[in-house]
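Asks: Quick one: structure below, then a few questions.
The values are calculated or read from the model by the stated rules, or taken from the named source; none is laboratory data. None of the values given here were measured: they were computed from a predicted structure. When we count neighbours, we look across all protein chains shown, and the Cβ atoms used for this are built from the backbone with ideal geometry, even at glycine.
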């Protein structure tokens with residue numbers, strides 16, 4: 001219990017540091033005011049075995065800057081992180097949603113992507129979302145789902161080094177960089193890259209949302 005509380009404290013502290021840097025809001029743009037304009041809605045795809053930091057910190061960053069977050073997965077349920085005792089409620093099943101409902105899609109890592117890529121409904125949803133040209137962001141093992149969806153041919157991306165060969169076999173050009181942006185695709189390697197990963201997602205969704213709306 002004590003270890004869980006300590007980790008929660010550090011997660012909250014890191015989110016505050018990521019989202020509360022002086023001047024950062026001016027760099028990223030205005031916070032969305034729902035009384036003036038609609039808020040972007042970003043989907044986060046998870047199942048059992050998600051990576052806690054890659055989910056909570058990214059969600060916290062985007063929420064702090066006025067974006068709505070919807071947790072999606074194979075079915076509505078409560079799932080547990082692979083690297084801690086933290087849990088997360090899946091709010092919507094991919095079987096009951098459409099790409100049109102969301103302005104961005106995030107694929108966190110952990111052991112969850114290896115499960116998600118075996119689900120035809122998940123793979124089809126991710127493929128459709130990617131082909132809509134809306135922002136799709138994946139970190140760590142998250143790009144494994146994109147490889148399964150056959151959308152990486154000719155794309156430049158990154159991910160945890162252990163999946164480099166897998167991404168290259170899927171036709172991608174792999175770069176060992178903190179964040180790689182190739183049109184609507186945003187990828188990062190591991191938790192130390194979460195700040196630039198989250199900022200890139202914010203910028204991409206902001207640009208896409210304002211352009212289309």
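Asks: Got a sec? Which of 145, 163, 106, 201 is in contact (Cβ under 8 Å) with a residue 60 or more places away in the chain and farther than 19 Å from residue 41 by Cβ?
Replies: On inspection, the qualifying residue turns out to be 145.
Asks: Look at region 105-125 and say how many of its residues are over 21 Å from residue 52 (Cα atoms), touching a strand residue (DSSP E or B) at 6+ places or on another chain (Cβ under 9 Å) and surrounded by fewer than 20 Cβ atoms within 10 Å (Cβ to Cβ).
Replies: The number of residues fulfilling the criteria is 1.
Asks: Which of the residues spanning region 115-136 are touching a residue at least 40 places away in the same chain (Cβ under 8 Å), more than 15 Å from the chain's Cα centre (by Cα) and part of a helix (DSSP H, G or I)?
Replies: Selection gives 115, 121.
Asks: Cβ contacts < 6 Å: first residue over 18 Å from residue 145 (Cα atoms), restricted to region 176-187; second residue at pLDDT 95 or above and in a loop (DSSP other than H, G, I, E, B), any location; separation 6+ or different chain. Result?
Replies: Final answer for the pair search is 177/158.
Asks: For region 152-161, name all the residues that are under 23 Å from residue 196 (Cα atoms), surrounded by fewer than 23 Cβ atoms within 10 Å (Cβ to Cβ) and out of contact with any strand residue (DSSP E or B) (no Cβ under 6 Å at 6 or more places or on another chain).
Replies: 160, 161
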